[in-house]
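Participant: This is the structure, below, for whatever I ask next.
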Amino acid sequence: MPEPAEKTAPNPPAILADGVTRAFGSFPGVKDISLEIARGDRVALVGPNGAGKSTLMRLLAGALTPDSGKILLKGLPPGEARTVPGFLGWLPERAPLNAELTVREHLRLAGKLRNLARARIREETERLTLALNLESKLDRLAGNLSLGGRRQAALAVAFLGNPELLVLDEPSSSLDPDQAGRLALLLGALPPETTVLVSSHNLGEVRGVTDRVIVMNGGEIGAAGQWEELAAERGLTETGTPATPEELFFEILGEKE
């Protein structure tokens, strides 16, 4: 007699990973990662180069499959979750843009793939063009844009339609100060129910738009929790002065040495 299908919990977390491992040959990308991110959480993913951040994000977004372990997004495997209209906005570290398409065409195509109505695609294109200052780039081919311009276009694609879950890998990479400031405003204006997982080497930047942090090192999670709680647990608030994100980061990294 076949086993009954696994039921989805009535209120599943936005992201659930249980014992997730992924290697690349002899190199361990991530090792036995378990985490849970509730809907509406704003979480920073930080760590040194080679810590496994990008690998973990690719796994969570369904761009990679784990060697072992389980990943669920809103109770669904990542491959299924990606097909749910308006659910996932994914920005990889090196966002693939078609050099022969304009920014407007990228947004139109992304909207169609997300089953957005034509009117909604036009509204979102206008909103994101203004928010990210894309007016002069909207009808230019992606292949003719600067690195910063291509990053702006990829961000617009990720944010299109206000997805329920945003997974953003180094979103401010290649952005100038004005562009990075516009990104921070866009993140700050998201609906409270939007879940955000964002990685960056700029700790002050992600601290300003997140409440929780996951620190990775060597393919493993070194610590996870509220920024303030992790600092207090390590005695970094005893002077009465709030710990900087950098102080907390280096304290956690030092615990593994």
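Read the figures in this text as sums done on the coordinates, not as results from a lab. Here the structure is a predicted model, which means the values were calculated and not measured. Cβ coordinates were reconstructed from backbone atoms using ideal geometry, including for glycine residues, and neighbour counts include every protein chain displayed.
Participant: Under a Cβ-only charge scheme (Lys and Arg +1, Asp and Glu -1), can you give me the dipole magnitude of the chain about the Cα centre, in debye to the nearest 20?
Facilitator: 1220
Participant: So, one more: Summing -39500 (n - 2.57) over the DSSP H runs of n ≥ 4 in the chain and dividing by its residue number, what mean residue ellipticity at 222 nm do you reach, to the nearest 500 deg cm²/dmol?
Facilitator: When only DSSP H runs of four or more count, the value is -9500 deg cm²/dmol.
Participant: Within region 162-203, list the residues whose amide N lies under 20 Å from a label point set 7 Å along Cα→Cβ of Gln226.
Facilitator: 192-198, by backbone N distance to the label point.
Participant: Between [x] 19.2; [y] 23.3; [z] 25.0, which entry matches Kirkwood radius over Cα pairs in Å as derived from the coordinates of this structure?
Facilitator: The calculated read-out lines up with [x].
Participant: Let me ask something else about it. Suppose R0 equals 30 Å; then what is the FRET efficiency for Lys31 and Glu100 from their Cβ-Cβ distance, rounded to the nearest 0.05?
Facilitator: So, using R0 = 30 Å, E works out to roughly 0.15.
Participant: Can you find, among Ser200, Ala117, Ala14, the residue farthest towards the positive end of the dipole of the chain? Put +1 on the C-beta of Lys and Arg, -1 on that of Asp and Glu.
Facilitator: Ala117
Participant: Also, I was wondering about something else. Find which of Phe24, Gly218, Val157 sits farthest along the positive direction of the dipole of the chain, computed with +1 on the beta-carbon of Lys and Arg, -1 on that of Asp and Glu, about the Cα centre.
Facilitator: Val157
Participant: Could you give the length gained by full extension between Asn162 and Thr239, i.e. 0.36 nm per residue of separation minus their alpha carbon distance, to one decimal place?
Facilitator: That pair, Asn162 and Thr239, stretches by 23.6 nm at full extension.
Participant: At most 10 other Cβ atoms within 10 Å and a DSSP loop assignment: could you name the GluC sites (Glu not before Pro) in region 165-253 that fit?
Facilitator: Glu193, Glu238
Participant: Enumerate the residues in region 155-186 having an amide nitrogen under 18 Å from the point lying 7 Å beyond the Cα of Val84 toward its Cβ.
Facilitator: Once the point is set 7 Å along Cα→Cβ of Val84, 159-168 turn out to lie under 18 Å by backbone N, inside region 155-186.
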